[in-house]
1. Specify the residue that is farthest from residue 232 (Cα to Cα); the eligible residues are those in the stretch 255-305 that are basic (Lys, Arg) and touching a Leu at 6+ places or on another chain (Cβ under 9 Å).
2. Restricting attention to the stretch 250-271, and to residues there that are outside any helix (DSSP H, G or I), open to solvent by 10 Å² or more (accessible area, probe 1.4 Å) and not charged (D, E, K, R), which single residue is nearest to residue 210 (Cα to Cα)?
3. Between 208, 212, 259, which is touching a Lys or Arg at 6+ places or on another chain (Cβ under 6 Å) and at negative phi?
4. So is residue 232 part of a loop (DSSP other than H, G, I, E, B) and among the hydroxyl-bearing types (Ser, Thr, Tyr) or not?
5. Scan the stretch 305-318 and tell me whether some residue there is closer than 23 Å to residue 224 by Cα, surrounded by fewer than 21 Cβ atoms within 10 Å (Cβ to Cβ) and under 17 Å from the mean Cα position of the chain (by Cα).
6. Here are the criteria: (1) small (Gly, Ala, Ser); (2) at pLDDT 50 or above; (3) under 17 Å from residue 290 (Cα atoms). Tell me which single one residue 48 does not satisfy.
7. Taking residue 186 as the residue in question, decide whether it is open to solvent by 20 Å² or more (accessible area, probe 1.4 Å), on the phi < 0 side of the Ramachandran plot and under 21 Å from the mean Cα position of the chain (by Cα).
8. For the stretch 283-304, enumerate the residues that are open to solvent by 40 Å² or more (accessible area, probe 1.4 Å) and assigned to a helix (DSSP H, G or I).
Amino acid sequence: MLRWKKISFIMLMIIIAIVFSYSAQEVSTTLAQRDEVFNASFIQYWHAKDWDKPRWVKELLMLKKAKVEEVIIQSIADTKDKFAVYPTSIEGYRFNSIDMLYNALSAADFVGMRVRIGLGFSDDWWFKNAMDLDWLLREANDNKMIFNEVLEKYGDHTSIGGWYIPYEFYQFTAITKNYQNNLNIFLKEIAREIKSKSDKDIMISPFYNSNYSWVMPLAGWRKLVENALRNTGIDILALQDGVGVRHNGIKQLNDLFAYTKESTDKLGIKLYGNIETFETTSKGNMPAAKERISIQMLLQKPYVERFVAFSLNHYQNYEEREEIHNFINYLEESLYY
């Protein structure tokens, strides 16, 4: 046993030395050789709002080396704080000193990748849920203004690959059929505006928390998905698997995705798996082990068309030198699995 530990330690030291000697592209190639192949990865604007175009190019090349085709910007505006990461002219809004959206799209044009643009979001969503239709309609109106402005300013970028509505619903969002109807009206307002002026598809990414299955079992979840998305024009449901935040365990994924697929099939929309590539620990979120991610993908594969990650950019990001220890942890966990 002691001999094995010594050999393992030596192996780890060799890997660490290799990691620090690799260029970013070489490390990205290592990721691309793994079994996990993601179509897209989420990135949150707070992480990238001050990046210039060269920094975006590096990020997107890292993703491209990993065979990722699309980066999803989770949102580009805070509708509560009236803040945007692009120079908006919407009354009452302030904006970032750097045009993050322009830099991201220009970099994606250059490297040949797609950007899915998330619209506006308010943290009040988690308190209001779908109970207040007037509030929902005001949020929808803000999102329609953001969409129209973005389309006018940036619509000529070939890298725009689609749209993302950042309002994630789950059991407590719309427990009753009346609230589910409110949610449906809200999503229709935004999606129909997008569809009227863009031929790009629309994604949403809800989640189910098995810890609250007593509030709504999977049969109720199936109906919630159907009632919320019926006739909205939304094309893709990227279901969060909830493993990283411990909303769901590995053993619950089969039933969760089976029930959700019944709904998406009935609605005629695509089902993607949104894989959480992190582990919740006492020290914060850390990169998940390769083996756990592989199991997540294996269990979801019979039900989904594609996989998206939350998030290679945040938890398996080899362009961020100060985050290189995350990659080492990622390898170490895989090594001792």
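1. Just the residues of the stretch 255-305 that are basic (Lys, Arg), to begin with: 261, 266, 270, 283, 290, 292, 301.
Narrowing further to those that are touching a Leu at 6+ places or on another chain (Cβ under 9 Å): 261, 270, 290.
Values: 261: 17, 270: 13, 290: 36 Å.
The qualifying residue farthest from residue 232 (Cα to Cα) is 290.
2. Quick first cut of the stretch 250-271, residues outside any helix (DSSP H, G or I) only: 268-271.
Next, from what is left, pick out any that are open to solvent by 10 Å² or more (accessible area, probe 1.4 Å): 268-270.
Those still in the list that are not charged (D, E, K, R) too: 268-269.
Details: 268: 25, 269: 23 Å.
Only one residue tops the list, namely 269.
3. On the way: 208 fails: touching a Lys or Arg at 6+ places or on another chain (Cβ under 6 Å); 212 fails: touching a Lys or Arg at 6+ places or on another chain (Cβ under 6 Å).
Testing whether each residue is touching a Lys or Arg at 6+ places or on another chain (Cβ under 6 Å) and at negative phi leaves just 259.
4. On the way: part of a loop (DSSP other than H, G, I, E, B): yes; among the hydroxyl-bearing types (Ser, Thr, Tyr): yes.
Yes.
5. Quick first cut of the stretch 305-318, residues closer than 23 Å to residue 224 by Cα only: 305-308.
Filter again for surrounded by fewer than 21 Cβ atoms within 10 Å (Cβ to Cβ), leaving 305-306.
Next, from what is left, pick out any that are under 17 Å from the mean Cα position of the chain (by Cα): 305-306.
Yes, the conditions are met somewhere in the stretch 305-318.
6. Among (1) small (Gly, Ala, Ser); (2) at pLDDT 50 or above; (3) under 17 Å from residue 290 (Cα atoms), residue 48 violates only (3).
7. Working: open to solvent by 20 Å² or more (accessible area, probe 1.4 Å): no; on the phi < 0 side of the Ramachandran plot: yes; under 21 Å from the mean Cα position of the chain (by Cα): yes.
Taking the combined requirement at face value, the residue does not satisfy it.
8. Step one: filter the stretch 283-304 for residues open to solvent by 40 Å² or more (accessible area, probe 1.4 Å), giving 283, 285-286, 290-291, 295, 298-299, 301-303.
290, 291, 295, 298, 299 - these are the residues of the stretch 283-304 that are open to solvent by 40 Å² or more (accessible area, probe 1.4 Å) and assigned to a helix (DSSP H, G or I).
The values are calculated or read from the model by the stated rules, or taken from the named source; none is laboratory data. Here the structure is a predicted model, which means the values were calculated and not measured. When we count neighbours, we look across all protein chains shown, and the Cβ atoms used for this are built from the backbone with ideal geometry, even at glycine. These area figures cover heavy atoms from the full protein model, side chains too; ligands, DNA and RNA do not enter into them. Shrake-Rupley method; radii C 1.70, N 1.55, O 1.52, S 1.80 Å.
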